[in-house]
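Input: a single structure, listed below in structure tokens.
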Amino acid sequence: MLFISLIVILIAAELFVNAIEWLGKLLNLSEGAVGSVLAAVGTALPETLIPIIALVSGTHESAEEIGIGAILGAPLMLSTLTMFVTGVAVITFKHKRKHKDKVVVHYNTVSRDLKFFIFSFTVALLCGFIPSELQSVKICLGALLVLSYFIYIIKIVKENRESESDVPDLYFAFGHNKIMKKKQAILLVLFQAIVALTLIIIGAEVFVDSISYVSKLLNIPAFVLAIIITPIATELPEKFNSVIWISREKDTLALGNITGAMMFQASILPAVGILLTDWTLNSSGTIISSLIAIASATLLLTELNMKKHMTVKMLLLCGLFYFLFLTLVLIGVIR
């Protein structure tokens, strides 16, 4: 059931991303709004709904551990392993790329995403050290995280860059995209999005139940299992999209899809966690995973500021941060 739920989630995520890309096209939204907001939020839906469902349902003793683990695991995975996979893609397609292993990105787009991410995730981490008696302060900071994301969206929507890629055919149109009227197309897009969202919710519920069962069966802390397995699976849409865009030398889309999702997960998800739990991060796993994610993002931003582009070596170096995390898990430092 664990693997079946993952397959359902990933298929549904692909349907949802496809739908919102079409919605952006039909509403004449800018490439920034479609790529860094709509696509990023769409591919972030699985890892968004899993912790929310885990925290709201509360049917297991480990529900809060699973929720917090999924919340903190997503930014860790994106800023480390997903960047590493992107770097491997650059090397793989180096022979067909004009810039070879040089990663040419839109400086303002990616640097803005990384700055917002570092700020938001640092605030979320610091919230975990505020005493439970000051929950009202935490809630105010959670509201600040939500506000920062809306400010981020406003900055993106104001951008008007040319689109870097065509929108794939709408799946539910079954090859009749060109003959659809606009009103008909919008209704079909919304229907596809609703179907996808329903499948994601069902898959997420089954996934939470399965994670709790497996953690007890293998005697592995639910937090550790959630922070490792959940993000690897749910970040597959971002990884897959980035590999394709790297192969087509559309580096801004490849990196922007990742950093846009990072920003969403560093602001909205922790805000949900603060609202639904006491958000006390007193375990080594929560603290170390957050610090590793921030360190990896800071390293990328530093190189970007210095060179105005990224190198494949830096993307591969991000992978070392993730392997460091796994090593700490295996030797028992993170429990």
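The values are calculated or read from the model by the stated rules, or taken from the named source; none is laboratory data. Model, not experiment: these values are computed from the prediction. Ideal geometry is used to build each Cβ from the backbone, glycine not excepted, and the neighbour counts take in all protein chains shown. Please note that ligands, DNA and RNA were not included when accessible areas were found on the heavy atoms of the full protein model with its side chains. Shrake-Rupley method; radii C 1.70, N 1.55, O 1.52, S 1.80 Å.
For the pair Phe323 and Val195, label points projected 7 Å from Cα toward Cβ lie 4.3 nm apart.
In the full protein context, the stretch 253-335 carries 36 Å² of accessible surface per residue, based on a 1.4 Å probe and ignoring ligands, DNA and RNA. Taking every protein chain into account, the accessible area of the stretch 71-190 amounts to 54 square angstrom per residue (probe 1.4 Å). With a Förster radius of 35 Å applied to the beta-carbon distance between Val88 and Ile154, the computed FRET efficiency rounds to 0.50. Counting only lysines at least 8 places from Lys307 when in the same chain, those with an alpha carbon closer than 30 Å to its own are Lys94, Lys96, Lys98, Lys100, Lys102, Lys115, Lys155, Lys158, Lys239, Lys250. In the complete set of protein chains, residue-level accessible area for Lys100 is approximately 90 Å², probe 1.4 angstrom. Here each label is just a point 7 Å from Cα along the line to Cβ, and for Leu2 and Ser284 those points are 2.3 nm apart. Any idea how far the Cα center of the stretch 85-154 sits from the one of the stretch 243-273, in Å? Cα centroid to Cα centroid, the span is 8 Å. Shape annotation for the stretch 108-154: C-alpha extents along the principal axes are 40, 18, 6 Å, from largest to smallest. Treating r as the C-beta distance of Leu275 and Val104 and R0 as 41 Å, the FRET efficiency rounds to 0.55.
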